Amino acid sequence: MDDALVVAALLLVAAAATVAVFQRDPARQAIVLSLLGLALAVLFTVLQAPDVGLAQLAVGSAVTPLMILLAVRKVRRKGHRK
Amino acid sequence: MNWWLAAACALVAGGLGPCLWGAARGPAGGRVVAQNMATLLLCLVLLLLSQGYGRPSYVDLALVVAVLGPAGTLVFTRLLGDEMGERPPGTRLLTPAVLVGAPATVVPMCIAAGPGRAAAKLVLIGVLLIAGGAVTSRAVRRG
Amino acid sequence: MTRRARLWVLAAGLLATAAVYAAACTELPGFGGSWHPYGDRAVHAALRQRTANTISSVNFDQRAFDTLGEETVLFASVLGTVVLLRRTRDEKRVAPEPVRVPAALRRYGLLMLPVTLLIGLYVIAHGQLSPGGGFQGGVVAATSLHLLYIAVDYPALERLRPLGLYELADGAGEAAYVLLGAAGLLAGPAYLANVLPLGTFNTLSSGGTVPLLNAAVGIEVTSAVVVLLAHFLAQALEIEGDAEEGRTA
């Protein structure tokens, strides 16, 4: 029955990754990417790799979205000035 | 498989799944609400997994999510700004979810753990979750 | 090469990869199972070195040299980003517009900064005991500072973040790891050998050099993420180029 958790986590990761690829707007893609990070953290924990899960959580929950959104803001500002 | 793991499995399938659906479509505001809900549910899932596997040290993951989850949501509300819109759909669900979900997970785990450092850590996570939920739902509402 | 030819090359490459991958998968041991030759040896070695978290024992003791490589990758990539995102001569610095933040959000940010920092330090310090370590805790600690930008305002972050010191600490963390390795060479048999007393199993002072190496990585990662985000923030909020159109053409 433990496999049910592994299967649920794997399906969630696959779905989140697919959705992230098909987003057009980078800012909204960052939101889906953050969810992909959360799903990966569940998968790593379920596979008994909490160290990797913790690294994924630390990087994926705030730092990565911040970097992506700052990059988006810089690019948009450039676009406005043109 | 014990009841803790069954509950975690139910939350992954029935909670995180719909959150992904909500984050994948519609305007930015609703997506951020779904992302915020997902961090709350993830924290509960990690707590349940730690109890289900009998590994108290896994609670550290939930502790980190309880502080970084709200921080992540605040990154979105701060940098998306006007794109968020006022009162995105689903905002009303956030406060009840955190007020019901956090005690419903933390209290049974505290009873199972008994008084001591482990229970204090669980209570701290519960308090952080409720504080984070209150602030993020407010930040999301203002848009 | 025409578009058609490129597609054929791509298809051939994908097919070959799929075939090799499928062939490799047939040789894999089954999922789960009880036969873990590498895991058993790693756990055995971790217990001998009195490190409760086997992953930390592998990362910072049994294969500490690999971690030196990983740390250097982070160091070098942050260095590269700093060079790429520096302010060039034809760009000017403009003060960003102030943003009004609700009082409740500001209070939450100011309250959570020390709490998050403490949790980061906790994760670094308990690397040899529970999941986590220098990298994970370092990123959490670096995130805590940026609550100032997220929940208060940008000038508050700039006041509490002496960038020069963080750049210095980034290098110092990297150097500390290299020097701790050299200590193993001087006092023991090999580079990065665990030469310190191993301490009592499952306490903070256990694992010999593992907690020290974790601390070195923690300092390096915290400073690296702060420096990295500082340049992203400066580019996104402050720096404006005069000749951007000319350069991008």
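The values are calculated or read from the model by the stated rules, or taken from the named source; none is laboratory data. From a predicted model like this one, the values you see are computed outputs, not experimental measurements. Cβ sites come from the backbone with ideal geometry, for glycine too, and all protein chains shown count toward neighbours.
Checking the conditions here, which among A:Ala27, A:Ala20, A:Ala16 is in contact with a helix residue (DSSP H, G or I) (Cβ under 6 Å, 6 or more places away or on another chain) and more than 7 Å from chain B (Cβ to nearest Cβ)?
Working: A:Ala27 fails: more than 7 Å from chain B (Cβ to nearest Cβ); A:Ala16 fails: more than 7 Å from chain B (Cβ to nearest Cβ).
Step by step, each of A:Ala27, A:Ala20, A:Ala16 is checked, and only A:Ala20 is in contact with a helix residue (DSSP H, G or I) (Cβ under 6 Å, 6 or more places away or on another chain) and more than 7 Å from chain B (Cβ to nearest Cβ).
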Where in the stretch C:63-151 are there helices (runs of 4 or more DSSP H), lying fully within it, with 3 or more residues that are of a type in the set (Ser, Thr, Tyr)? C:64-84, C:103-125
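Condition check ((1) hydroxyl-bearing (Ser, Thr, Tyr); (2) surrounded by fewer than 21 Cβ atoms within 10 Å (Cβ to Cβ); (3) within 24 Å of B:Arg138 (Cα to Cα)) across all residues:
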| position | (1), (2), (3) |
| --- | --- |
| C:Leu79 | no, yes, no |
| C:Glu91 | no, yes, no |
| C:Val101 | no, yes, yes |
| C:Gly109 | no, no, yes |
| C:Tyr122 | yes, yes, no |
| C:Gly127 | no, no, no |
| C:Thr143 | yes, no, yes |
| C:His146 | no, no, yes |
Which numbered condition B:Thr73 misses (of (1) more than 27 Å from A:Val63 (Cα to Cα); (2) within 11 Å of chain A (Cβ to nearest Cβ); (3) of a type in the set (S, T, N, Q); (4) crowded, with 22+ Cβ neighbours inside 10 Å): (1)
A:Ala58 being more than 26 Å from B:Glu83 (Cβ to Cβ) and buried (at least 18 other Cβ atoms within 10 Å of the Cβ): yes
Which numbered condition C:Thr54 misses (of (1) among the hydroxyl-bearing types (Ser, Thr, Tyr); (2) closer than 30 Å to C:Ala190 by Cβ; (3) surrounded by fewer than 16 Cβ atoms within 10 Å (Cβ to Cβ)): (3)
The helices (runs of 4 or more DSSP H) lying entirely within the stretch C:159-249 that contain at least 3 residues which are touching a residue at least 40 places away in the same chain (Cβ under 8 Å) and surrounded by 17 or more Cβ atoms within 10 Å (Cβ to Cβ) are C:163-187, C:210-233
Of those in the stretch B:31-70 that are more than 7 Å from every other protein chain (Cβ to nearest Cβ) and among the β-branched types (Val, Ile, Thr), the residue nearest to B:Leu124 (Cα to Cα) is B:Val59
Helices (runs of 4 or more DSSP H) completely within chain A that count 3 or more residues being within 13 Å of the chain's Cα centre (by Cα) and β-branched (Val, Ile, Thr): A:2-21, A:26-46
Quick one: is C:Leu121 among the aliphatic types (A, V, I, L, M), within 28 Å of C:Thr200 (Cα to Cα) and modelled with pLDDT of 95 or more? yes
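Here is a yes/no grid of residues against (1) at pLDDT 95 or above; (2) at the interface with chain B (Cβ under 9 Å from one of its Cβ atoms); (3) surrounded by fewer than 24 Cβ atoms within 10 Å (Cβ to Cβ):
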| site | (1), (2), (3) |
| --- | --- |
| A:Leu40 | yes, no, yes |
| A:Gly53 | yes, yes, no |
| A:Ala71 | no, no, yes |
| A:Gly79 | no, no, yes |
| A:Lys82 | no, no, yes |
